[in-house]
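The values are calculated or read from the model by the stated rules, or taken from the named source; none is laboratory data. In this text, all values refer to a predicted model and were calculated from it rather than measured experimentally. Cβ sites come from the backbone with ideal geometry, for glycine too, and all protein chains shown count toward neighbours.
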Amino acid sequence: MPRRVTEVDPHLDIETYDPSADLMVLNLGPQHPSTHGVFRVKLYLDGEIIVKAVPYAGYLHRGVEKLCEELTFVQIIPVVDKNDYVSPMMNEQAIVMACEAMLEIEVPRRALYLRTIFAELQRVASHLLWLGTFGMDLGGALGGGASLFMYCFRERETILGLFEEVTGCRFHYNTHAVGGNRHDITPKFCRDTKTTIEVIAKRIEEYIQIFSSNRIYRDRTQGVGVLDGDLAVSLGITGPLARASGVDHDLRRDAPYHIYGELDVNVFTESAGDCLARTLVRLQEMCESIRIVREIIDSVPEGPILGIKPGKSPTHIKIESSQRYTCIESPRGELGTYLIGGGSNRGASAYRLKIRSPSLHAVSCIPYVFPGHTVSDAIAILGTLDPIMGEVDR
Amino acid sequence: MGYFIDTARAMAVTMRNVFRPPTTVQYPKEDRVRPERYRTSFALVHDASGDEACIACLACERICPSRIITVKPAGKRESPVTGKKRNYLEDLTLDLNACIFCELCVQVCPTDALIMLRELAKPALSREGLFLSMERLYANESLAHSWGTGSRLMEMQDPKRGLPALEPGREAPPQGVDPIADGVS
Amino acid sequence: MTPLVHGAVWGVVIATVLVTVAVFSIWFERKFAARMQTRYGPTLVGPAGLLQIVADALKMMQKEDILPQKADPMLFRLAPPCAVIFTLAAAAVIPFDEDVLAADLDIGVLFLLAVGGLVVFPVWVAGWASNNKYALLGAMRAVAQGIAYEIPLVLSAMVPVVLAQSMRLSDIISVQAETHWFVFWPLGPGLIAFVIFFICSLAEANRIPFDIPEAESELVAGVTTEYAGMRFGLLQMAEYLHTLIASAVAAAIFFGGWDGPFASGLHWMVLKTLVLFFMIFWIRWSLVRFRSDQLMALCWKYLLPLSLVLVMLSALFVYVRAMDA
């Protein structure tokens, strides 16, 4: 284990570079092969050991929340899609659930089943992407990591092919609407989903063989980047990060939405809180999502997929001035929407739509977790935090 | 040491994948088959009687989140097919540079005039090449259409769909059958 | 022919052949890596993409020659060619056949290891002269790794030297041709020494799992961050050449060189070199890399004591054999 060289006060929010301390400042800059998007971490290095790390976000700020005040609820769904650009289904579901909760619209059972299936498939796809890019972080873009990357993406493409069959788009589907879904599934989709998830379940075994049960991989991730459970809770970290540190909290089980209340969702926690624990939690979550899809894919009830009449005008959905917070469990944690209705266009836009992104909280633990590790460890830790910059910056 | 065994196992996985068939498609020499509902570029179509379907109602322009559609109505004219006076379109431009392919314009079109395509158009070499004018939109009509037209999407999202019939002696419409994909005529 | 003319002619021939093989090995590696990842690799340029490397080389040659402003101009320009020169110089003593070698030195192995150890310098200088923090970090790691793994490399190369009682490479191969290949007999020291030599060659050549100096995901491009165009090409070429020459040396001193069960000759040497080269590729595309302190721990705590023990064991073996005879 690398030794801690100097005392670090992570609560310092102004960078005080003391030249007498003889530290090297290295920008793990916005342009870097493995910062998962445009993200900058300013590292103060003593040799190879990080003494202090200051994260800078905001390079991908696109003003989505401001757009929400101008575009109507119908129009904002495809725009908010692009926040967490790795799991778009979650973004759409967060927004439409917020609107439905405010208007107290009842979503048909079939739509709830569809949303659950899509959410779980999207979770598998997102974790596959995470696994591939994490392999590249550890093993290099030219090397064993690239092999794992290609395997994970090969599997992910099959899931995206399923979504393409239903919605028409591999990515950024705009398949949810306030009151239900816009696209319905077919028996062919059910058949293809069953074959696809069986293949993926077998391939996950292969990934474990090449990757997470590998001695070199364990050396790189065991004991690295330990995140204390209490620190995670105080920083607002949720999702696989918190569960790997022992925090037993999963919105699908504790505050069920869609049809999770009728299913038995197993929640996996580890107590170590290091990178290996986070990997194991995510791998187990993938298997669990596959199990959930396998359970419900054949029992989707008949019925409509939209609870209200589909509208032809952009001001079809109007929400009066009231406030509500709804949240769902995205692959990164708790994705929440705080909605204050009664905005412009006579209530057809939001007055304020705040998106509580889990990645922003994940990134905020960097000043606490990085110090004491080497630069290689920093990359490994950043990989397991799984930040998506589109979500961090919105 | 354990390193050797794990190295051998990792090497076994990669060697096993050497003997799997490649999963990549050599585009543009070959192309993968796109599903029925695949949505890419746009086209303006004529209706069944051969008349221009667009009535310049500006629904697509109003709903577009990226505000890329500009519609110029031409006012009422006599239709060459039915002989009645109806609205016609003078110009419709769609800037594909900024389109986010959300399908909302297609969904709100009352006459199924604006539809999306299933066949990939050729990539453009300049920004102007992606700016779809009315001529290009009508020219795109000959390419393969996506399944999702306005009326079909509205029908799929009907809140009464799939519910038991209200009239006795009449069966509920079949649920979950995609007439094109499942081969049902 | 005087030794000078002999060395010059054969030197040019061997160097050309090695460089060509290294260049086309890049094609082979790309195809093989692609197949391991269920994709195709280069297919468009030339039949089955064979001319892809030619296209890449031409592309690199026509790139702008960038010199960073605060970089040391002489060292920056000198490092890449020196890397290639030192690597190729070590190939002068490798016997590819009974009389196909540039210089039949009687201190062949010593010359090989000494010149091969010089390769650390251009890599270090390249990182220092770039005036770039990432390059500096990469260079420091390269130096630490290069120096540390030098020792087990030398010691494990001493095992065949002790067993053959000569440092001349052609003698080592002749002894193996008469008795058995050193990798199989004596069973313990030979095989383990080969494994240690293989691992140390991987580390010296900065190949995965030891490629921390040019770790792409951590240090953008490590030592070669500021290099563009043909200078970068030369540094990459040096790495491939080093790997190729290391496999040739391993084939010579452990696997018997040009000796074969039937029809000994140049083709056996080529076959063994290429098999080892292929193994190095295979390992590269299957494993993730070590962290630098774990790398050092592996060397100092495991490889070094083991190689010392092996040298002593092989000396004991030779003594016992001499007593019997």
* Asked: Taking the stated definitions as given, is B:Ser126 within 27 Å of A:Thr72 (Cα to Cα) and in a loop (DSSP other than H, G, I, E, B)?
  -> no
* Whichever residue in the range C:1-55 is of a type in the set (Phe, Trp, Tyr) and in a helix (DSSP H, G or I) and, among such residues, is farthest from C:Val100 (Cα to Cα) -> C:Phe32
* To do: State which residue is farthest from C:Val13 (Cα to Cα) when the search covers only the range C:81-99 and only residues that are in a loop (DSSP other than H, G, I, E, B) and not aromatic (Phe, Trp, Tyr).
  => C:Glu98
* Could you check the range A:62-150 for helices (runs of 4 or more DSSP H) lying wholly inside it with 2 or more residues that are under 22 Å from A:Leu382 (Cα atoms), within 14 Å of chain C (Cβ to nearest Cβ) and over 15 Å from the mean Cα position of the chain (by Cα)? => A:109-139
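Residues checked against (1) within 30 Å of C:Leu137 (Cα to Cα); (2) within 14 Å of chain A (Cβ to nearest Cβ); (3) surrounded by 16 or more Cβ atoms within 10 Å (Cβ to Cβ); (4) hydrophobic (A, V, I, L, M, F, W, C):
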| position | (1), (2), (3), (4) |
| --- | --- |
| C:Tyr240 | yes, yes, yes, no |
| C:Leu244 | yes, no, yes, yes |
| C:Ile253 | no, no, yes, yes |
| C:Phe262 | no, no, no, yes |
| C:Val270 | no, no, yes, yes |
| C:Val275 | no, no, no, yes |
| C:Ser307 | yes, no, yes, no |
| C:Ser314 | no, no, yes, no |
* Go through the residues of the range A:245-259 one by one and say whether even a single one is acidic (Asp, Glu) and either under 21 Å from A:Ile366 (Cα atoms) or part of a helix (DSSP H, G or I) (or both). => yes
* Scan the range C:250-277 for residues that are in contact (Cβ under 8 Å) with a residue 60 or more places away in the chain, within 30 Å of A:Ile210 (Cα to Cα) and either within 13 Å of the chain's Cα centre (by Cα) or assigned to a helix (DSSP H, G or I) (or both) and report the count. => 2
* **Checklist (1) hydrophobic (A, V, I, L, M, F, W, C); (2) in contact (Cβ under 8 Å) with a residue 24 or more places away in the chain; (3) within 14 Å of another protein chain (Cβ to nearest Cβ) applied to A:Ala255, failing item** => (3)
* To do: Answer with yes or no whether B:Lys160 is at pLDDT below 85, within 12 Å of chain A (Cβ to nearest Cβ), in a loop (DSSP other than H, G, I, E, B) and loosely packed, with under 15 Cβ neighbours inside 10 Å.
  => yes
* Residue check, A:Phe171 against (1) more than 12 Å from chain C (Cβ to nearest Cβ); (2) surrounded by fewer than 19 Cβ atoms within 10 Å (Cβ to Cβ); (3) assigned to a helix (DSSP H, G or I); (4) out of contact with any Lys or Arg (no Cβ under 7 Å at 6 or more places or on another chain), all met but one. Which one? -> (3)
* Would you be able to tell me the number of residues in the range A:36-76 that are of a type in the set (Lys, Arg) and either in contact with a strand residue (DSSP E or B) (Cβ under 9 Å, 6 or more places away or on another chain) or on the phi > 0 side of the Ramachandran plot (or both)? => 3
* Structure fact -> Within the range A:201-247, the count of residues that are surrounded by 24 or more Cβ atoms within 10 Å (Cβ to Cβ) and more than 26 Å from C:Ser292 (Cβ to Cβ) comes to 9
* Selection status of A:Gly180, more than 9 Å from chain B (Cβ to nearest Cβ), buried (at least 19 other Cβ atoms within 10 Å of the Cβ) and in contact with a helix residue (DSSP H, G or I) (Cβ under 6 Å, 6 or more places away or on another chain) -> no
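The rows are residues; the columns are (1) of a type in the set (Asp, Glu); (2) surrounded by fewer than 22 Cβ atoms within 10 Å (Cβ to Cβ); (3) within 19 Å of the chain's Cα centre (by Cα); (4) modelled with pLDDT of 90 or more.
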position	(1), (2), (3), (4)
A:Thr337	no, no, yes, yes
A:Arg346	no, yes, no, no
A:Tyr351	no, yes, no, yes
A:Ser357	no, no, yes, yes
A:Thr374	no, yes, no, no
* To do: Output the residues belonging to the range C:56-68 that are surrounded by 12 or more Cβ atoms within 10 Å (Cβ to Cβ) and assigned to a loop (DSSP other than H, G, I, E, B).
  => C:Lys63, C:Ile66, C:Leu67, C:Pro68
* Check every one of the helices (runs of 4 or more DSSP H) wholly within the range A:355-394 and list those with 3 or more residues that are of a type in the set (Val, Ile, Thr) and under 18 Å from A:Thr279 (Cβ atoms). => A:375-385
* To do: Confirm whether C:Val162 is in a loop (DSSP other than H, G, I, E, B), away from every other protein chain (no Cβ under 14 Å) and over 22 Å from C:Leu88 (Cα atoms).
  => no
* Do we find that A:Ser299 is in a loop (DSSP other than H, G, I, E, B), surrounded by 24 or more Cβ atoms within 10 Å (Cβ to Cβ), modelled with pLDDT of 85 or more and within 14 Å of another protein chain (Cβ to nearest Cβ) in this structure? -> no
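Each row is one residue, and each column tells you yes or no for (1) in contact (Cβ under 8 Å) with a residue 60 or more places away in the chain; (2) loosely packed, with under 14 Cβ neighbours inside 10 Å; (3) at positive phi.
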site: C:Val9; (1), (2), (3): no, yes, no
site: C:Phe28; (1), (2), (3): yes, no, no
site: C:Lys70; (1), (2), (3): yes, yes, no
site: C:Ile85; (1), (2), (3): no, no, no
site: C:Ala90; (1), (2), (3): yes, no, no
site: C:Val115; (1), (2), (3): no, no, no
* Any chance the range A:304-322 includes a residue that's in contact with a Lys or Arg (Cβ under 6 Å, 6 or more places away or on another chain), away from chain B (no Cβ under 13 Å), outside any strand (DSSP E or B) and buried (at least 23 other Cβ atoms within 10 Å of the Cβ)? -> no
* Only one of (1) crowded, with 16+ Cβ neighbours inside 10 Å; (2) at pLDDT 85 or above fails for A:Arg62. Which number is that? -> (1)
* To do: Taking A:Ala272 as the residue in question, decide whether it is among the aliphatic types (A, V, I, L, M) and within 18 Å of the chain's Cα centre (by Cα).
  => no
* Structure fact -> Of (1) out of contact with any Lys or Arg (no Cβ under 6 Å at 6 or more places or on another chain); (2) within 14 Å of chain C (Cβ to nearest Cβ); (3) under 23 Å from A:Ile290 (Cβ atoms), A:Glu155 satisfies every one except (1)
* Asked: Quick one: would you say B:Glu135 is without any contact (Cβ under 8 Å) to a residue 12 or more places away in the chain, within 19 Å of the chain's Cα centre (by Cα), more than 9 Å from chain A (Cβ to nearest Cβ) and closer than 30 Å to A:Pro108 by Cβ?
  -> no
* When you go through (1) within 15 Å of the chain's Cα centre (by Cα); (2) modelled with pLDDT of 90 or more one by one for C:Val309, which number turns out not to apply? -> (1)
* To do: Name the residue, out of C:Leu153, C:Leu78, that is surrounded by fewer than 20 Cβ atoms within 10 Å (Cβ to Cβ) and in a helix (DSSP H, G or I).
  => C:Leu78
* Starting from residues that are touching an Asp or Glu at 6+ places or on another chain (Cβ under 8 Å) and surrounded by fewer than 20 Cβ atoms within 10 Å (Cβ to Cβ), keep the ones in the range B:106-123 and report whichever is farthest from B:Phe42 (Cα to Cα). => B:Thr111
